[in-house]
Amino acid sequence: MEFEFYSASDTKRPIRLCDSTRKFSYESLNHKYGKDTRKNPAVSLDLDNIKNIDSFSDLEKYNAGILVIAKNAPLRVCPNELICGAATLGNAINHMLPVEYHGKPLFESYSGISHLTPNYTEILKIGYRGLREKIKLSLGKNISQKQKLFLQSCLHCVDCFEIWHKRYLNKLQNMPGYENQYKNLCVVPEYPATCFYEAVQSLWFTFAFMRLTGNWPGIGRIDVILGEYLKNDLEKGLLTISQAREILAHFFIKGCEWICGGDYGSGDAQHYQNIVLSGIDSEGNDVTNEVTFLVLDIVEELGISDFPITVRINKNTDKKLLRRIAQVIRHGGGVIAVYNEDIVIKALTDFGYPLSEARNFANDGCWEVQIPGKTNFSYIPFDSLAILQKNTLNNYLIDTDIKSFKELYGKYIHNLSEELDLIYKKFVEPLFISGDNSEWKEMFPCTIVSLFEHDCIERGLSYREGGPVYNIISPHIGGISDVANSLYAIKKLVFDEKKLSFKDFMKVLYDNWEGNEPLRQYVLSSYNYYGNDNDEVDYIAADILSDFSDICSKYNSITPIKFPSGVSTFGRQIEWAPNRIATPSGRKKGEILSGNFSPTPGTDKEGATAIIKSYCKADLSKQVTGAALDIGLLPYNVRGEDGLDAIISLISGFVTLGGYFMQIDISDPKILHDAQLHPENYPTLSVRVSGWNARFVTLNREWQNMIIEKSAGKL
Amino acid sequence: MLISVTNIQRFCMHDGPGIRTTVFLKGCPLRCQWCHNPETQEIKQQIFYAQNKCIYCRACEECPQGAHKFENDCHFFLRKNCILCGKCVSACPSKALEFVSKEMSVEEILEIVKKDTAFYGEKGGMTLSGGEPMMQPEKAILLLKAAKKAGISTAVETCGHFSEIYLNDLCSFTDYFLWDIKDTDLERHKKFTGTDNHKILNNLFAADKIASSIILRCILINSINTNKEHYTKLANIYKSLKSCRGIELIPYHVYGSSKYMLLYGKENAKKEWIPENSHIQYAKNFLTDMGCNVL
């Protein structure tokens, strides 16, 4: 049977996997299996006949909830799946504990944990029996009543994990065709994994249980986690590389579960967790192994963009790996992103992490960097353009007069500093008992993830109450490109060219540029904004980021929580748009502006290399938890051998220049259609016409349509 | 010494190997009827007028020659009156009026080319295109020489029509040639490009003796040069060259027509010249069968 997986490239996706795996992938990508989660939002405590719930503490309620999930959550075994276990309750997707009581959610508000990457290596190595021993050891220490209750909850949750596990065992015991799966589950996750297949099963089962109970954990460095198991199996001849590919493919297919098969806000994926590949280990040795390449094989063949992949690159990364990455990127979908680990590790060690810890970084499931299995992480996004507009420029309302660019910049940084102080007071201080900056307040229970995070069990403290080795709340600045562009436009227009006074310009902006179209056109077309490799504006952005990071560093020694800076918007530029007013750079009220640390749509005129250069002028090693850049290329840019070279050169340049994180997307025809409707937003979208490049928007309609058709696979 | 440059385009991926920065020089000895960069034909300065960018602010009305007229909300650019003083260009806030080229020094051009050094790697670098780069021969050679001195790989896209006295210098500073062969028929060449092809082929054969890498770029214009005789002659040329790495076929397209609008206020698209996909494939197969490496 033939199963076609969409590619933006005219290079065909290779076929290495067997038909039944390809079929399973095809069905999963067509949302065959995930939709049942919507039918089963939660299980009910009423099943356990619990009466006096009002007298329960939160922890008791949580324990009862986990038990009822373990006993009653629907089991799902898909036809021909090689890996078993599934998160089948819909409310878990909404960050909730998927448990109801008398028809209402057991906990009304948010109760799950996300943005963490647990320590899977431990469960693979010691099994949940080993966890139990660890917990008992801690219970035997001289501990407080609170610690005792937490550790008892840990034991209870391990028991629940076992209950859920044993239910799968019972189900599989008599299912023909699932003998291997049954055999694996007789070992893991109860006992240590003894081979690659068991290790993959244990990893998935542990992930799925965390997911089932309302948490949203990342996976981390999958080649580090699984590499040794595969190496041993291959050496002993227990497994072939093709067999290993099939097994790992099922892990990825199960990870790309679609939950409603339609538009659903930010996406339809249930798991959406980035996986990290390659890079160096804590001693500085390259970890790249067979698993690294198997993962690339799988996403290249099946076009699975979820789990997405981030590859850790450094100046010495093997050309063979770079080439494989380029080959996969070329198929589109933005499936692979890269970290420049030289900068990331510098950022982490400069911040104070020990080198061996820093070298082991992974992400939180998104691209924010953390030390996996040891970090309680969250980030606080804020709109830095709103600070400029509302605080520094008073909504263009009050009769402010600013005499120089220096004064303007100084005022902005002062306002930024005030905002960060508010953020700290709002999000960090309340976590501690007042008057004491080291005693954590009692938080919402989160025993399940605490089982897999160092040093929760050792310390007898939950993930939310200081259990992990590192506790991070990272303020994330958004809209930075537009702040830089705005300041730059004021600098040029008012202070350098003196085209009009500061006050008169504020009046123009207050009027949302109404009646000042020539001036707006001048501001739009005469200045090279962030993303065009123009030092003057790029260094404004760089300076703001540096100052931002310095301000944050003041808050690192107050509580056990560190306050490292980062840059992101994710998709927030869309929700921020209605609250934003006209910008000095020529944009009107309500426009959707820049995302992450990327240029504002429509301002990047010089192409991808210039964008990367603008981005790299900032000292990104000061953005400890990350600063993302998005690059869009067309399938025609990356055709053939030249195209692979181009991707490799872009990545190599990004590393040489000191980038942090970059996602390269090869755009699909939808983007091209949009470019036809809004050409002003796509000035540098260039296409390979035939023997040459042309900017898409400069082609006439006929040619545009031709290229759209071609890139859609000869419609 | 200043060079007339119409555009410096970074992140070009099909103008020679690797990521390249392409410098488009103004002026061309040929007048190909299918030209897709008409703004590079004339060596002298010109002005682009983009009607879709005009916001009818009438700032250009200050033209002392009266070249800009507004009637019934329409903007008329009377090019006959224009003396290229540039007052309208500076006055236009939306860049609907722009000079086609800029006079730049070798240093200024190289400064831009060097911006992408981090991305050139082993293969990428600077490509001179146009127009015909060798319409400004001494300047083009100086630029190539300076690039080589700075350690930047060089490529030249040429129509081949230039004085042979520059050939040695050109070849010593050029790593890759992209050599256009518009047609192999002398009469047709004269009719459609304005000159015969003697000089072009002579230069090509002379360059082949000293150049390290040449790619032939051959435009396919339906019903003009899409015939076996032409392909056979092409193949013979290819086979007689020692440094030729391959032939690139470039089907005629109407992409340049929007630039004719900007320059002359009228389109210049000839759809009947677009070759059929099946014919492009035929030409590829024919040349391959004749022993050519078709890229």
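With both bridge residues required to lie in segment A:375-625, what share of the DSSP beta bridges run antiparallel, to the nearest 5%? Working shown, then result.
Working: 1 of 14 bridges.
If I count the DSSP bridges inside segment A:375-625, around 5 percent turn out antiparallel.
With the Cα gyration tensor of segment A:55-199 in hand, give its eigenvalues times 5 under a square root as the equivalent ellipsoid semi-axes, listed largest first in whole angstrom. Intermediate results must be reported in sequence, preceding the final value.
On the way: eigenvalues 150, 97, 34 Å².
With the √(5λ) rule applied to segment A:55-199, the semi-axes are 27, 22, 13 Å.
Computed FRET efficiency, Cβ-Cβ of A:Q145 and A:S55, R0 25 Å: what is it to the nearest 0.05?
Once rounded, the FRET efficiency stands at 0.90.
Which length gain, in nm to one decimal place, applies between B:N236 and B:R58 when the Cα-Cα distance is subtracted from 0.36 nm times their residue separation? Display every interim value, and only then the final one.
Numbers: separation 178, 0.36 × 178 = 64.08 nm, distance 5.79 nm.
The B:N236-B:R58 span can extend by a further 58.3 nm.
Label reach from A:K236 (point 7 Å along Cα→C-beta): in segment A:193-217, amide nitrogens under 18 Å belong to A:193-203.
Add +1 for every Lys or Arg and -1 for every Asp or Glu among the other residues with Cβ under 9 Å from the Cβ of A:S138, and state the total. Kindly include the intermediate steps, with their values, before the conclusion.
Values: positive: A:K134, A:K136, A:K141, A:R459; negative: A:E458.
With Lys, Arg at +1 and Asp, Glu at -1, the neighbours total +3.
Roughly how crowded by other chains is peptide A:635-647, in terms of the mean Cβ count from those chains within 10 Å of each of its Cβ atoms? Please report the intermediate quantities before stating the final value.
Numbers: counts 0, 2, 4, 1, 2, 3, 1, 8, 2, 0, 8, 10, 2.
What the average comes to for A:635-647 is 3.
Using Cβ contacts closer than 10 Å as the measure, can you line up A:C160, A:C195 from fewest to most? Numbers along the way, then the final one.
Working: A:C160 22, A:C195 18.
Arranged by neighbour count, lowest to highest, A:C160, A:C195 become A:C195, A:C160.
For the peptides A:568-580, A:643-655, the ranking by mean Cβ contacts within 10 Å, running from highest to lowest, is A:643-655, A:568-580.
Each of the peptides B:280-291, B:98-109, A:630-641 was scored by the mean count of other Cβ atoms within 10 Å over its residues; in descending order, highest first, they stand as A:630-641, B:98-109, B:280-291. Pairs of Cα atoms in chain A fall into 20 Å distance bins, from 0 up to the last occupied one, in shares of 17, 48, 30, 4, 0 percent. Each label was represented as a point 7 Å from its Cα along the Cα-to-Cβ direction; for B:N202 and A:K411 these points are 7.1 nm apart. Of the GluC sites (Glu not before Pro) found in segment B:215-295, those in coil by DSSP whose Cβ has at most 15 other Cβ atoms within 10 Å are B:E267, B:E276. Please work out the Cα center distance from segment B:146-209 to segment A:376-426, rounded to the nearest Å. Centre-to-centre distance over Cα atoms comes out at 58 Å. Mean partner shielding of peptide A:607-619, defined as the number of other chain Cβ atoms within 10 Å of each residue Cβ, is 3. Sorted ascending by nearby beta carbons within 10 Å, beginning with the fewest, A:H156, B:H161 become A:H156, B:H161.
Taking 25 °C and 0.890 mPa s as conditions, segment B:100-159 diffuses translationally at an estimated 205 µm²/s according to Stokes-Einstein applied to its Kirkwood radius (Cα pairs).
Tell me the chymotrypsin sites (Phe, Trp or Tyr not before Pro) within segment B:31-72 that lie in a loop according to DSSP and have at most 14 other beta-carbon atoms within 10 Å. Write out the running numbers ahead of the final one.
Details: sites: B:W34, B:F48, B:Y49, B:Y56, B:F70; in loops: B:W34, B:Y56.
In loop regions of segment B:31-72 (DSSP not H, G, I, E or B), the sparsely surrounded chymotrypsin sites (Phe, Trp or Tyr not before Pro) are B:Y56.
Here segment B:30-49 and segment A:583-615 have alpha carbon centers that stand 32 Å from each other.
Okay, helix-only estimate at 222 nm for chain B: each DSSP H run of n ≥ 4 adds -39500 (n - 2.57), divide by all residues, round to 500 deg cm²/dmol; what do you get?
On the way: 10 runs with 92 residues, N = 295.
Mean residue ellipticity at 222 nm (helix-derived): -9000 deg cm²/dmol.
Applying 1/(1 + (r/R0)^6) with r as the Cβ-Cβ distance of A:K441 and B:F99 and R0 = 51 angstrom yields a FRET efficiency of 0.15. Counting Cβ atoms of other protein chains within 10 Å of each Cβ in B:17-25 and taking the mean gives 3. Taking a sphere under 14 Å around the Cβ of B:K95 and counting the other residues whose Cβ falls inside, with K and R at +1 and D and E at -1, yields a net charge of +1. Inter-part distance, segment A:6-52 to segment A:439-510, computed on C-alpha centroids, equals 34 Å. Pair-distance distribution P(r) for segment B:47-99, from all Cα-Cα distances in 5 Å bins starting at 0: 4, 23, 38, 27, 7, 0 percent. In terms of surrounding Cβ atoms within a 10 Å radius of their Cβ, A:F597, A:F427, A:F161 rank from fewest to most as A:F427, A:F161, A:F597.
Just flag the GluC sites (Glu not before Pro) in segment B:4-61 sitting in loop per DSSP whose Cβ has no more than 15 other Cβ atoms within 10 Å. Write out the running numbers ahead of the final one.
Values: sites: B:E39, B:E42, B:E61; in loops: B:E42.
Of the GluC sites (Glu not before Pro), not one in the loops of segment B:4-61 has a Cβ with at most 15 other Cβ atoms within 10 Å.
Given a Förster radius of 56 Å and the C-beta distance between A:E418 and B:S243 as r, what FRET efficiency does 1/(1 + (r/R0)^6) yield to the nearest 0.05? List each step's numbers first, then the result.
Values: r = 67 Å, r/R0 = 1.19.
Efficiency, rounded to the nearest 0.05: 0.25.
Hydrodynamic analysis of segment A:375-625 uses the Kirkwood radius over alpha carbon pairs. Inserted into Stokes-Einstein at 37 °C and 0.692 mPa s, it gives a translational diffusion coefficient of 168 µm²/s. Here the peptides A:324-332, A:671-679, A:619-627 are ranked by packing, the mean other Cβ count within 10 Å, and the order with the highest first is A:619-627, A:324-332, A:671-679.
Where a number appears in this text, it was derived from the coordinates with a stated rule and is not lab data. Owing to the predicted nature of the structure, the values given are computational and were not obtained by experimental measurement. Glycine also receives a Cβ, built like all others from the backbone with ideal geometry; neighbour counts cover every protein chain displayed.
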